[in-house]
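See structure below.
The values are calculated or read from the model by the stated rules, or taken from the named source; none is laboratory data. The structure presented is a predicted model; accordingly, all values stated were derived computationally and were not measured. Don't worry about glycine lacking a Cβ; one is built from the backbone with ideal geometry, like all the others, and counts go over all protein chains shown. Areas reflect the complete protein model, heavy atoms only, side chains present, ligands, DNA and RNA absent. Shrake-Rupley method; radii C 1.70, N 1.55, O 1.52, S 1.80 Å.
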Amino acid sequence: MTAPPIDPTTQPRRVSGPGREGGRGPTLARANARAGLALISPTLIIVLVMVVLPILWTVLLAFQQLRLLNLRSAGLFGNFTLDNFADVFTSPDFWGTLGTTLVYAVLGTASAIGIGLIAALALRRRFFGRNLVRAAMLLPYVAPIVAVTFAWSTMLNPQFGVANYWGTRLLGWDEPIAFLSQRSSEVSIFGLTFGIPTALLTVIAFEAWRSFPFAFLFLTARLQAVPATLEQAARVDGATPTQRFRYVLLPQLLPTIAVLSVLRFIWTFNSFDDIYLLTGGGAGTEVISVSVFNTLTARGDIGGASAQALVLAAILAVLIGLYLWRFAPREEQS
Amino acid sequence: MAMTEVAKRPGPAPPRRFNRDAVENRLFAVLRVLVIIALLIVTLFPFYYMVLLSVRPLDRALQDPGALWVGLSELDLGSYVSVLAAPDAGGQGFLQFMTNSVIVALGTVVLTLLIALPGAYAVSRLDFFGRRQISVLFLAVYLFPAILLAVPLFVFFTQIGLRGSLVGLLIVYVSQILAVSIYMLRNYFDTVPVSLEQAAALDGCSRLGVLRRISLPLAMPAIMANALFVFMIAWNEFLFALLFLVEDRDRWTVSLGLSQLAGSIEIPTTVLMAGSVIVTIPIIVIFFASEKLLTEGLTAGAEKG
């Protein structure tokens, strides 16, 4: 779900327990180890049964021609086949979906972190009511996704939405824009006409609105930890605000931004709710998650859905692996 | 940015015709105010619009869709009555949906805490085999797409006949939330001084006694915050509710109910907006009640960068 388990510090924690002060012999340590295992085991069992095993099962399902209709008669092992993957990779829809997913994830992540950074900087200095403003900034992230997508789709409705009402009157739009159901629209700037993917940009804008608070929260926490002396020194040396940001603040924030980018990219890449609720995957916004869902429920094709989901996870793993391999050593130095 | 404070420079600044520092300071002072106002409008407007539409009569909302406020004479709470009433009484049955959501969410909170508290304590305090690997395993769980889990869980719960039951959904929620819950609780337990526990142990307290009399009471605010956090996640969850419960209207959670009704043309938008407000209010109340604890708990590791 949407919760953020951020622990960039995977270094071993300091071991500290009632029995760890040296010299009291191995028995207490052993008792501690036993108690620890006993206390953690319910969690382990649930995670194994409800998370790890299902993931492994998906692998089995992906190699079977299994449909929802003949599900009750099906066992764990059926006739294994590669057909599902052949279908996935030869389908032109899949490559389009993958492209949409990538564009959505990259632009959604970048804009969410960009806005989050601007917000964190703007709210850095104390002013009256700052805490209230900060709390208000977090609302889009905590509010129920169903309610906010409904509010957005009503706002953007071409017939009675408030956006089109004021857009046609104040901004001089020729006709109402169907933000969520129009695949592309012609825009002409300086006599050049080109098409932009309206619905896709709209869901990206929603994603930025929805998740910038997350970046804002973490960047604010990081900003508070920047030692004031650094900036004072820079100011004494005559650095202007932009220079102080570029050479003092930004290097301090970069590791946090890097972690945020990875996490936000993963979650945006996997996200289902937002697009399903806003457009249902129509008008050129079908991402892989939505496609998996439709394959599973509308077509009842369990094997096909599993294969797509596995491919989704594999692509994600490759991208994250590439990122870590390419950038992780450098982060440690900075 | 802290840029408008007048810098106290040692010595007289050399006179220049164009002072970049002064220009930037003035520029950002203005920009900062503009950015804050713009951000506030953008974040809050959808919520304001939600409330606005929910208290306007439908015909007025259709005739004048651009209105940005509501006159007192126009104020109409009929949408709320209509959305809450049972389907037999011509309403949308949100009371039933809310009951379902409360059952699932409270069940998730109780079960998650029962399992996560001992687990978090163990990860924080006790050195057992595989302790470090467990954190990595939990982290990895979160990187897998939820939709990847959705397929096998859907198949599995269909086969054992638990799909469509609130219990099945509850188990899925617990398994999804456990890792975050343990992560947050562990951060809190780490802040409880070990010496207190050692003192209690020296005085003859058993391990469970230490947990019950020392650690839990000290971590109580954190546990409350965690409970509220779990409640929020369970209340907001959509994908698994959709997969598991969609066939039986009596079991819909409030999120699922709203999304399903939003697709139908017969139900007035104003009524659904009232439904959105009803879904959102508990979350906003809980959020403001626990905001400080929550944000601290989540960003505990972030200061290190």
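Observations
- Matching residues, region B:88-100, being within 18 Å of B:Pro268 (Cβ to Cβ), open to solvent by less than 70 Å² (accessible area, probe 1.4 Å) and part of a helix (DSSP H, G or I): B:Phe94, B:Phe97
- Just one of the listed residues (A:Ile55, A:Ile40) is at pLDDT 80 or above, under 15 Å from A:Val311 (Cβ atoms) and within 13 Å of chain B (Cβ to nearest Cβ), and it is A:Ile55.
- A:Ala298 open to solvent by less than 30 Å² (accessible area, probe 1.4 Å) and either among the acidic types (Asp, Glu) or at pLDDT below 90 (or both): no
- Selection within region B:183-212 - aliphatic (A, V, I, L, M) and either over 19 Å from B:Leu293 (Cα atoms) or not in a helix (DSSP H, G or I) (or both): B:Val192, B:Val194, B:Leu196, B:Ala199, B:Ala200, B:Ala201, B:Leu202, B:Leu208, B:Val210, B:Leu211
- Number of the condition not met by B:Ala274 [criteria: (1) more than 17 Å from B:Trp235 (Cβ to Cβ); (2) more than 7 Å from chain A (Cβ to nearest Cβ); (3) modelled with pLDDT under 85]: (3)
For (1) more than 23 Å from A:Phe160 (Cα to Cα); (2) at pLDDT 90 or above; (3) open to solvent by less than 20 Å² (accessible area, probe 1.4 Å); (4) among the basic types (Lys, Arg), each residue gets a yes or a no:
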{"position": "B:Leu258", "(1), (2), (3), (4)": "no, yes, yes, no"}
{"position": "B:Ile283", "(1), (2), (3), (4)": "yes, yes, yes, no"}
{"position": "B:Ala289", "(1), (2), (3), (4)": "yes, no, no, no"}
{"position": "B:Thr295", "(1), (2), (3), (4)": "yes, no, no, no"}
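- Residues in region B:101-122 that are open to solvent by less than 10 Å² (accessible area, probe 1.4 Å) and either more than 8 Å from every other protein chain (Cβ to nearest Cβ) or out of contact with any Gly (no Cβ under 6 Å at 6 or more places or on another chain) (or both): B:Ser101, B:Val104, B:Ala105, B:Thr108, B:Thr112, B:Ala116, B:Gly119, B:Ala120, B:Tyr121.
- Those residues of region A:66-97 which are at pLDDT 80 or above, in a loop (DSSP other than H, G, I, E, B) and surrounded by 14 or more Cβ atoms within 10 Å (Cβ to Cβ), in sequence order: A:Ser91
- Scanning region A:139-156 for residues that are open to solvent by less than 30 Å² (accessible area, probe 1.4 Å) and more than 7 Å from chain B (Cβ to nearest Cβ) yields A:Thr149, A:Leu156.
- Pairs where the first residue, in region A:298-314, is among the hydroxyl-bearing types (Ser, Thr, Tyr) and the second is part of a helix (DSSP H, G or I), C-beta under 8 Å, 6+ apart: A:Ser306/A:Thr58; A:Ser306/A:Val59; A:Ser306/A:Leu61; A:Ser306/A:Ala62; A:Ser306/A:Asn84; A:Ser306/B:Val151; A:Ser306/B:Pro152
- Scanning region B:61-75 for residues that are closer than 23 Å to A:Trp166 by Cβ and either more than 30 Å from the chain's Cα centre (by Cα) or in a helix (DSSP H, G or I) (or both) turns up B:Ala61, B:Leu62, B:Gln63, B:Asp64, B:Pro65, B:Gly66, B:Ala67, B:Gly71, B:Glu74, B:Leu75.
- The condition of being modelled with pLDDT under 90, within 13 Å of another protein chain (Cβ to nearest Cβ) and in contact with a Leu (Cβ under 9 Å, 6 or more places away or on another chain) holds for only one of B:Val83, B:Val35, that being B:Val83.
- Checking A:Arg264, A:Arg222, A:Arg246, A:Arg210 one by one, the residue that is basic (Lys, Arg) and within 9 Å of chain B (Cβ to nearest Cβ) is A:Arg222 and no other.
- Evaluation of A:Arg169 against (1) within 14 Å of chain B (Cβ to nearest Cβ); (2) part of a loop (DSSP other than H, G, I, E, B) (one fails), failing number: (2)
- Scanning region B:186-198 for residues that are within 11 Å of chain A (Cβ to nearest Cβ) and touching a residue at least 60 places away in the same chain (Cβ under 8 Å), we see that the one that is most open to solvent (accessible area, probe 1.4 Å) is B:Asp190.
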